[in-house]
Amino acid sequence: MADLETFRAETRKWLLAHAPASLRGMVLGLGEGNWGGRKATYPNPDMKVWLEVMAERGWTAPEWPTQYGGGGLTKDEAKILREELAALKLPPPLVGFGLTMIGPILLEYGTEEQKREHLPKIVRGEIRWCQGYSEPGAGSDLASLQTRAVRQGDYFVINGQKIWTSYANLSDWMFLLVRTDPTAEKHRGITFLLMDMASPGVEVRPIKLISGSSPFCETFLTDVLVPVKNVVGKINEGWTIAKALLNHERTMIASAFGTGTGRRRTLREFARKYLECDGERLADTALRHRMAQYEMDALAFKLTTDRARDAATAGLPPGPESSMFKIYGTELNQRRQELLVSIAGPQALGWEGPGFAEEELALTRDWLRSRGNTIEGGTSEIQLNIIAKRVLGLPD
Amino acid sequence: MALVLTEDQELLAKTALDFVRTHSPVSRVRALRDSQDPIGFSRELWKQMAELGWVGILIPEAYGGAGMGLADLIVVLEALGRHLAPEPFLSTVLLGGQLLTLAGTEAQKQAWLPGIVAGETILTVAYQEAHSRYNLQRVSTKAEPDGTSWRLSGEKIQVPDGQTADALIVSARTSGEPTDPTGLTLFLIPRDAPGLTITPQYRVDSRPVALVSLADVRVEPANVIGPVGEGLPLLSQVVDRATIGLCAEMLGGMSQIFDNTLAYLKTRQQFGVLIGTFQALKHRAARLFMEIELARSAVMAAARAADAGDPQWIALVSLAKARCSDAYILAANEGIQMHGGIGMTDEHDAGFYLKRARVAEMTFGDAAWHRERWARLHGY
Ligand SMILES: Cc1cc2nc3c(=O)[nH]c(=O)nc-3n(C[C@H](O)[C@H](O)[C@H](O)COP(=O)(O)OP(=O)(O)OC[C@H]3O[C@@H](n4cnc5c(N)ncnc54)[C@H](O)[C@@H]3O)c2cc1C
């Protein structure tokens, strides 16, 4: 315990000395973090400095082993680091699918060569990753995917189409699922591959969302060559890895949305700004109750994620309970967005132009974007199926 | 404070669950109800629970107890809640025992606490009146000075274990109007005090409660608990702590009815298949699972915060009670629905859980009341 307190003191001192002052108290909107990669842009150059100093210590991936560039911290130390970052109101130096999805998968299933090749670049934010799972005909029923990979010597030749690929246009590498044995049962002929997006035959077309932004794409793959050494795990046995990655993804989505990054103002501040008050109290009792209920549910959710973390034996990867966090965390975010829109009233109806503050326009778009939370990463219905089967043991 | 059980708590939980499974099937509650048992629980089991050390968990070692915390007691209460055991933890341990522990004089503690720890003395608190709902300060029972003594008149309702209690601690107004926050005082009254009438009430959950009427009941100054006129903060604190214990009981109850329902989904067949294959039921079961998990986190956090004296603890009590109230009712309603017709029969246990859920919901404030309190605590 004493050691941890020393660690806390030293961490704070180091952060105070090295974090760019301009970043203190900066609140990032969802998706506004530093995603890294070759195409990264830095509207605030201090974000780049921040990434570099943190990556140097491996603190962009605090719990990864030092030989792959990580921080080598214990769970308790990593928790302290998170707390200290929060206390100083510092944004995370780096976010993205490398840190939260493919990195943990490579640590568990990757070859030594794959780890040495990819993990340090993720830690330093040099390479940005995207996820090539969904296809036009394979969404919830992911295992029915059709993108073909045919072996030719040391390479696979890939043909097919991925869809809803978030940020494919900004990414350098993709981890993807392909069919290597079309004759086998659908779960058995799938292989998990790593693909350089700069390979000839990769074409990316952005798709516009209801919120007006274009965070995801269609990805067309025509005779793309991927070296066989880029297979993670075994050929035709990619489904196990695909599912393990989904657990990491769900945990990531749950914590991103459920515990609230990117909040410019608190709900209470919004309420004070837009709603009539009766002395201290909000005059609209119905909204007051919705707000209390939301806040209480959000706290119960946070306590439950804390409890899961406290209970997790060191190093245990997330299990089927990540489905619960995915459902609840995303629904909480949707409820929060609904509530904000209700609080702001007609000021939450702006799309662009005069008469609406920037913050108000963000409300509209964040609300629209939040509808996707219960779809991306596997829909809520699919998560409920997983809980019913894997946690409750209900029959098929 | 970590939201996990310590090794000692794991062991305690296991012992309690084994004990409850062996000695306290739900059929026992049914038998107590059907015979309109005048005690409403088993004195013998209570004595055994005391011998196991459970009754004295919260009471300081100086009075024979273990001096442990709510985080320890709740694992026992959860086990008891699983089988709806009606033994008098709420009245004697969570309310009466806690009031004396927190505010009793040395003489009062010496007089009552060792008997409680031994499982011999039953003590209760009479705080509720016909129009008070969840408001502890809405008290019409009056205490008027009579020389150095007091004379109490009024009526208290649904007093837990009222008919067996050796003494009752009664909230009464020594000054002010029926809703004033000040002017409340707590009085300890032995059951044989002249002017005290205790009449059994039959509530939907069949737990023993009583109507208590006071007609010029004389109380000596030695039996005043805590400061005169300042009883409300004390009573609120004790009720908030007791709420955590009640929530643990609720957690046990909702977990058990849920387990029973899951077992039924895995055995009952219709249309040639197990009903647990129907997605309409699966998804609802999965949602119920989440609600119970969230309730559990809130109860564990509230107990740990109360033990640690964390200033957040009151808000966490509201969180735990709101969650448990909603989740227990939902678990019981869904339990009956998913059992179909059999769930509606008195012969089946599901109804016992629904009835207990309703009563527990309305003890110490329902979900809406606690949400309103949360808003007030946070300045809106
Ligand atoms: C914002 C966003 C970002 C995304 N990013 C990525 C990405 O980066 N990479 C990637 O590969 N994919 C991504 N996706 C795709 C996402 O994973 C899929 O949209 C999702 O898995 C659902 O598949 P679908 O769209 O084909 O819907 P469908 O599977 O067709 O589902 C339609 C409806 O049917 C329901 N349904 C389907 N099957 C069942 C069942 N068995 N039981 C009950 N109900 C069922 C679903 O719940 C849903 O309500 C993203 C999606 C969104 C919205």
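The table below gives the values:
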quantity	calculated
Candidates B:L52, B:L45, B:L32, filtered to the one that is farther than 23 Å from B:A320 by Cα and out of contact with any helix residue (DSSP H, G or I) (no Cβ under 8 Å at 6 or more places or on another chain)	B:L32
Residues satisfying the stated conditions in the stretch A:345-376, i.e. of a type in the set (S, T, Y) and farther than 16 Å from A:F270 by Cα	A:S370, A:T374
Selection status of A:L119, within 16 Å of the ligand (Cβ to nearest atom) and part of a helix (DSSP H, G or I)	no
Search result, residues across the stretch B:345-371 that are within 14 Å of chain A (Cβ to nearest Cβ) and surrounded by fewer than 18 Cβ atoms within 10 Å (Cβ to Cβ)	B:A368
Flag if B:G96 is modelled with pLDDT of 95 or more, surrounded by fewer than 24 Cβ atoms within 10 Å (Cβ to Cβ), outside the structural domain of B:I257 (by TED's automatic domain parsing) and within 30 Å of B:M300 (Cβ to Cβ)	no
Given (1) within 16 Å of the ligand (Cβ to nearest atom); (2) more than 14 Å from chain B (Cβ to nearest Cβ); (3) over 24 Å from A:N34 (Cα atoms); (4) of a type in the set (S, T, Y), index of the condition A:T111 fails	(1)
A:A40, sole failed condition from (1) free of Cβ contacts under 8 Å to residues at least 12 places away in the same chain; (2) under 25 Å from A:P215 (Cβ atoms); (3) of a type in the set (G, A, S)	(1)
Residues located in the stretch B:23-51, provided they are under 23 Å from B:V117 (Cβ atoms) and part of a helix (DSSP H, G or I)	B:H23, B:R43, B:E44, B:L45, B:W46, B:K47, B:Q48, B:M49, B:A50, B:E51
Residues of the stretch A:359-396 classified as surrounded by 22 or more Cβ atoms within 10 Å (Cβ to Cβ), more than 12 Å from the ligand (Cβ to nearest atom) and in a loop (DSSP other than H, G, I, E, B), total	1
Qualifying residue in the stretch A:217-226 (condition: crowded, with 19+ Cβ neighbours inside 10 Å and either within 12 Å of the ligand (Cβ to nearest atom) or without any contact (Cβ under 8 Å) to a residue 24 or more places away in the chain (or both))	yes
Residue list for the stretch A:319-358, restricted to those being out of contact with any helix residue (DSSP H, G or I) (no Cβ under 6 Å at 6 or more places or on another chain) and within 16 Å of the ligand (Cβ to nearest atom)	A:E331
Residue among B:A295, B:A263 that alone is within 14 Å of another protein chain (Cβ to nearest Cβ) and buried (at least 24 other Cβ atoms within 10 Å of the Cβ)	B:A295
Extreme residue, surrounded by the fewest Cβ atoms within 10 Å (Cβ to Cβ), among residues of the stretch B:316-337 that are more than 17 Å from B:A71 (Cα to Cα) and within 11 Å of chain A (Cβ to nearest Cβ)	B:D326
1 or more residues in contact with a Phe, Trp or Tyr (Cβ under 8 Å, 6 or more places away or on another chain) and either farther than 30 Å from A:T266 by Cβ or aliphatic (A, V, I, L, M) (or both): qualifying helices (runs of 4 or more DSSP H) within the stretch B:273-380	B:279-308, B:313-339, B:350-361
Verdict on A:L340 being over 30 Å from A:E63 (Cβ atoms), outside the structural domain of A:S140 (by TED's automatic domain parsing) and either assigned to a helix (DSSP H, G or I) or without any contact (Cβ under 8 Å) to a residue 60 or more places away in the chain (or both)	yes
Residue pairs meeting the criteria (Cβ under 7 Å; at least 6 apart or on separate chains; first more than 14 Å from chain B (Cβ to nearest Cβ), in the stretch A:357-380; second acidic (D, E) and within 14 Å of the ligand (Cβ to nearest atom))	A:G377/A:E249
Matching residues, the stretch A:1-28, being part of a loop (DSSP other than H, G, I, E, B) and either in contact with a Ser or Thr (Cβ under 9 Å, 6 or more places away or on another chain) or at pLDDT 90 or above (or both)	A:A19, A:P20, A:V27, A:L28
Index of the failed condition, A:I235 passing every other in (1) in contact (Cβ under 8 Å) with a residue 40 or more places away in the chain; (2) surrounded by fewer than 19 Cβ atoms within 10 Å (Cβ to Cβ); (3) within 14 Å of the ligand (Cβ to nearest atom)	(3)
Hits in the stretch A:277-325 - residues which are away from every other protein chain (no Cβ under 11 Å) and part of a helix (DSSP H, G or I)	A:A286, A:S322
Flag for A:E52 being away from the ligand (no atom under 16 Å from the Cβ), more than 14 Å from chain B (Cβ to nearest Cβ) and either closer than 27 Å to A:E237 by Cβ or among the polar types (S, T, N, Q) (or both)	no
Selection within the stretch A:100-117 - touching a residue at least 24 places away in the same chain (Cβ under 8 Å) and among the acidic types (D, E)	A:E108, A:E113
Test: A:G345 is more than 14 Å from chain B (Cβ to nearest Cβ) and at positive phi	yes
Residues located in the stretch B:269-283, provided they are more than 9 Å from chain A (Cβ to nearest Cβ) and touching a residue at least 12 places away in the same chain (Cβ under 8 Å)	B:I275
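Quick grid of which residues meet (1) assigned to a strand (DSSP E or B); (2) of a type in the set (D, E); (3) more than 29 Å from B:R358 (Cβ to Cβ); (4) not assigned by TED's automatic domain parsing to the domain that holds B:G97:
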residue	(1), (2), (3), (4)
B:L136	no, no, no, yes
B:Q158	yes, no, no, yes
B:P178	no, no, no, yes
B:L188	yes, no, yes, yes
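The values are calculated or read from the model by the stated rules, or taken from the named source; none is laboratory data. All values reported here derive from a predicted model rather than from experimental measurement. FYI the Cβ positions are ideal-geometry reconstructions off the backbone, even for glycines, and counts take in every protein chain you see.
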